[in-house]
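Working notes, beginning with the structure itself.
The values are calculated or read from the model by the stated rules, or taken from the named source; none is laboratory data. In this text the structure is predicted, and so the values were computed from the model without any measurement. As a convention, Cβ positions derive from the backbone with ideal geometry for all residues, glycine included, and neighbour counts pool all protein chains shown. Just so you know, the surface numbers come from the protein's heavy atoms only, side chains and all, with ligands and any DNA or RNA stripped out. Shrake-Rupley method; radii C 1.70, N 1.55, O 1.52, S 1.80 Å.
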Amino acid sequence: MYQDQPEEQLQEENYHSIDNDTKPKILLMGPPRSGKSSILMVIFEKRDQLETVYLQPTTDIVEYTMYGGIEVYDLPGISYEHDYQFIDLNLFLGENTVIVFVIDTQDDIQKSLHYLYSSMDLIFSIQPNTQFNIFLHKIDGLSEELRQDINQEIQHRIFSHMDYEGYDNSLVQFYLTSIYNKSIYEAMSRVSHKLVPNVSTLENILTSFCYKSNLDKAYLFDMDSKLFIATDSFPFASQYHQFCCSTIGLMEDLTTMYSEYQLNQSGEVFSHQVATIHLDANYSIFTFQVNKRLMLICMVRDNISKNLSLLEFNAKKVSLSLKKVLNFPDSSTKD
Amino acid sequence: MKKKLLLMGQSGAGKTSMRAIIFSNYGAAETRRLGATMEIEHSSIPFIGDLHLNIWDCGGQRRFMNNYITDQKEHLFKDAEVLIYVFDVETRDQAAEFKYYEDCVKLLSQFSPTAKVFCLIHKIDLIKQDSRKTSSVPNVLANYKKTLGPLSQHFTPVFYTTSIWSYTLYQAWSDIAYKLIPNITMIENQLKQFRQLCGASRVVMFEKSTFLVVSHTQEHGKPNPEDDVFVRISETVKTYRQACSKIRAPLVAINIRNGPFSMFLEPFTETTYVLVVMNDPDVEAAVVKLNISSARIHFVNLADIQHT
Ligand SMILES: Nc1nc2c(ncn2[C@@H]2O[C@H](COP(=O)(O)OP(=O)(O)OP(=O)(O)O)[C@@H](O)[C@H]2O)c(=O)[nH]1
Ligand SMILES: Nc1nc2c(ncn2[C@@H]2O[C@H](COP(=O)(O)OP(=O)(O)O)[C@@H](O)[C@H]2O)c(=O)[nH]1
Ligand SMILES: [Mg+2]
Ligand SMILES: [Mg+2]
């Protein structure tokens, strides 16, 4: 996935020493054509949404790797009748495995729920504390009102079923998603936070960064996938998250403007990008590249040009501590 | 100075979509909402200097088309500066499309013999690449050129392949607008001087509201980047401006630094933006901004003042 060869190798060495049982994993499950492969292709392969329209059924298990060495698996949804009985789920379920269960809200909900229930039975029998993140997917075609209705209705039905079966309700969480807007990035980020090592420490670092530098909000983004690894503990607004996703896109595109010069003498790409974006109404965005794949994106309700050097100084320190916590080797000090 | 642009082509070819994206900040997906244009929609768009683009978006349904080449011909084709003819690569009746084009060009040569003709081969995103490459974009273009050339009277049409889903649309329209700016040579010379003065490796000037490229200049002897790189910036910035408007905070300026490189996108004159790319680790951002400010005063005369 990542071009960062040295980092990848180092991480792999790390993860070999960890028992398969505790490896962080996300399994995508759900009925056929619910949108599992589409979600992963849009996020991890940067495919255009429209390209997913003609996707064929997935027949083999597909694996992606994201930050923190989290493995993501696309499990083929064979048919409504035959669920996951024949896949050896033991291979995938461990202490640090979470499920993303995708339900197509424009399809037959009853059928999807049966599929969910039998998957739950199977999985809880192997690993009773597995968390289910339920994506109520393809909400793009629905009105806001209908979205809320469907959300409530499905939650209610799933909770009653779980009560009846004696399952712990707190194991499920719901997200309204669509690949046609940024909601899918937010949902996947949230799921990953359950697995990112030391995520609360990262949050604390970002929160204190916000206090010290007078920021409204600070996110640590993975540039490749547009997912965020952590954010501060201040209130979260989806619209600002979407805006940050757009900002990452802008950075990527603008970099091509000077990328032809971007090699230093030893042929390496510089990765110390610092950017400021001034918006009207005294709003500013400050971005600071932590290493080749990670970027801090901060929103400031002020004109930052006057104390930019202080902000940069703080960002540098913050990025050092983030790197320490994440234990990603620092590949960006070499240039 | 008003310049009349005729925007013609069959119904559904994508004329109004282009206009909406370039001049009214629509996103590509939003154009699905557009209905067919009834008769002719006029819009007058202030461009740089005292240039106004007077766009005649001619609804392409058959009954309107027939009027254009009969009763309305003089009214429509008189005093036209530019004819932009949009061809839908997925048209169902290509023979009819070519016939209309021929009729229009004939009338144009009669009423506005000095006009310029642009042929936009549009919706190229729909061209499926097959393994034998028979229907690749260059092939499609070659076929259009072969057929349309002989139908074009004394005109030498300029061809573009475009799609609302890529920067190609900005490329074509930047080019068209460029050819209409009266004092463009002066602007270009001044921009080159400005680049040399501030030691920039590249300077690009954009019209503020459309973000079409007005002029660009770059240092010689540098590794040759893809030529269309700055045309992509138009689309990029415009898309980002839409994201900004969603949080109700309009975009003002962008500054990026990475290693020895820095890049400044700043409001320039009343009607333009400027992009400056530096390749010098020792240069201070404040100095570049100062240079831009000093140049601004100078360029206001070129790009804003009404000279009649
Ligand atoms: N795939 C694709 N669709 C496009 C493109 N450009 C426009 N369209 C679609 O084509 C449809 C018709 O576009 P319009 O702009 O209304 O067509 P028009 O030429 O103004 O039609 P009239 O007003 O009837 O003459 C819209 O649904 C657009 O979304 C393109 O480049 N690619
Ligand atoms: N409207 C809409 N369609 C979607 C969305 N996500 C996926 N799809 C479509 O759903 C279909 C099935 O997707 P696919 O990824 O193959 O499903 P899978 O069998 O679960 O892997 C494709 O045609 C996708 O284009 C979404 O968010 N909204
Ligand atoms: Mg699939
Ligand atoms: Mg129209």
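The figures follow:
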{"read-out": "Selection status of A:Phe101, under 20 Å from A:Ile26 (Cβ atoms) and in the same structural domain as A:Ser37 (by TED's automatic domain parsing)", "value": "yes"}
{"read-out": "Matching option when the condition is at pLDDT 90 or above and open to solvent by 30 Å² or more (accessible area, probe 1.4 Å), among B:Lys146, B:Lys133, B:Lys128, B:Lys116", "value": "B:Lys116"}
{"read-out": "Extreme residue, farthest from the chain's Cα centre (by Cα), among residues of the stretch B:38-91 that are polar (S, T, N, Q) and more than 30 Å from B:Phe299 (Cα to Cα)", "value": "B:Thr70"}
{"read-out": "For A:Ser246: the one exception among (1) away from chain B (no Cβ under 11 Å); (2) at pLDDT 85 or above", "value": "(1)"}
{"read-out": "B:Asp93 being open to solvent by less than 70 Å² (accessible area, probe 1.4 Å), charged (D, E, K, R) and at pLDDT 90 or above", "value": "no"}
{"read-out": "In the stretch A:57-78, the residues that are near ligand 3 (Cβ under 8 Å from one of its atoms) and either exposed (fewer than 13 other Cβ atoms within 10 Å of the Cβ) or not assigned by TED's automatic domain parsing to the domain that holds A:Asn90 (or both)", "value": "A:Pro57"}
{"read-out": "Tabulated pairs, the stretch B:243-261, first closer than 15 Å to B:Lys208 by Cβ and more than 7 Å from chain A (Cβ to nearest Cβ), second at pLDDT below 90 and open to solvent by less than 10 Å² (accessible area, probe 1.4 Å), C-beta under 6 angstrom, 6+ apart or interchain", "value": "none"}
{"read-out": "Residue selected from the stretch B:57-79 under the condition of a type in the set (Lys, Arg) and either under 23 Å from B:Lys2 (Cβ atoms) or surrounded by 18 or more Cβ atoms within 10 Å (Cβ to Cβ) (or both), by the criterion nearest to ligand 2 (Cβ to nearest atom)", "value": "B:Lys73"}
{"read-out": "Which listed residue is open to solvent by less than 70 Å² (accessible area, probe 1.4 Å), among the hydrophobic types (A, V, I, L, M, F, W, C), within 14 Å of chain A (Cβ to nearest Cβ) and within 16 Å of ligand 1 (Cβ to nearest atom), from B:Ala36, B:Ala20, B:Ala29", "value": "B:Ala29"}
{"read-out": "Members of the stretch A:249-261 found to be under 12 Å from B:Phe230 (Cα atoms), at pLDDT 80 or above and more than 7 Å from every other protein chain (Cβ to nearest Cβ), listed by number", "value": "none"}
{"read-out": "Residue list for the stretch B:244-283, filter: touching a helix residue (DSSP H, G or I) at 6+ places or on another chain (Cβ under 9 Å) and either open to solvent by 50 Å² or more (accessible area, probe 1.4 Å) or assigned to a helix (DSSP H, G or I) (or both)", "value": "B:Cys244, B:Lys246, B:Pro250, B:Arg257, B:Glu270, B:Asn279"}
{"read-out": "Identity of the residue in the stretch A:130-182, under 20 Å from A:Gly30 (Cβ atoms) and either within 16 Å of ligand 1 (Cβ to nearest atom) or among the small types (Gly, Ala, Ser) (or both), that ends up surrounded by the fewest Cβ atoms within 10 Å (Cβ to Cβ)", "value": "A:Gly141"}
{"read-out": "Every residue from the stretch A:294-326 that is surrounded by fewer than 21 Cβ atoms within 10 Å (Cβ to Cβ) and under 19 Å from the mean Cα position of the chain (by Cα)", "value": "A:Lys323, A:Val325"}
{"read-out": "In the stretch A:19-28, residue modelled with the lowest pLDDT [restricted to those that are crowded, with 17+ Cβ neighbours inside 10 Å and more than 11 Å from ligand 3 (Cβ to nearest atom)]", "value": "A:Lys23"}
{"read-out": "Residue tally, condition within 13 Å of the chain's Cα centre (by Cα), surrounded by 20 or more Cβ atoms within 10 Å (Cβ to Cβ) and assigned to a loop (DSSP other than H, G, I, E, B), over the stretch B:168-204", "value": "1"}
{"read-out": "Qualifying residue in the stretch A:76-98 (condition: among the aliphatic types (A, V, I, L, M), within 18 Å of the chain's Cα centre (by Cα), at pLDDT 90 or above and in a helix (DSSP H, G or I))", "value": "no"}
{"read-out": "Residue ID - most open to solvent (accessible area, probe 1.4 Å), chosen from residues in the stretch B:284-308 that are assigned to a loop (DSSP other than H, G, I, E, B) and modelled with pLDDT under 80", "value": "B:Thr308"}
{"read-out": "Selection count, the stretch A:90-147, where residues are within 14 Å of ligand 2 (Cβ to nearest atom), closer than 23 Å to A:Gly166 by Cβ and of a type in the set (Ser, Thr, Tyr)", "value": "3"}
{"read-out": "Some residue of the stretch A:186-196 being loosely packed, with under 15 Cβ neighbours inside 10 Å, at pLDDT 90 or above and part of a helix (DSSP H, G or I)", "value": "no"}
{"read-out": "Some residue of the stretch B:79-91 being under 28 Å from B:Cys244 (Cα atoms) and either within 14 Å of chain A (Cβ to nearest Cβ) or within 16 Å of ligand 4 (Cβ to nearest atom) (or both)", "value": "no"}
{"read-out": "Qualifying residue in the stretch B:44-52 (condition: touching a Pro at 6+ places or on another chain (Cβ under 6 Å) and open to solvent by 30 Å² or more (accessible area, probe 1.4 Å))", "value": "yes"}
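To keep it simple, each residue is scored yes or no on (1) free of Cβ contacts under 8 Å to residues at least 60 places away in the same chain; (2) within 10 Å of ligand 4 (Cβ to nearest atom); (3) over 19 Å from B:Thr162 (Cβ atoms).
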residue	(1), (2), (3)
B:Gly27	no, no, no
B:Leu34	yes, yes, no
B:Glu41	yes, yes, yes
B:Ile48	no, no, yes
B:Leu51	no, no, yes
B:Arg63	yes, no, yes
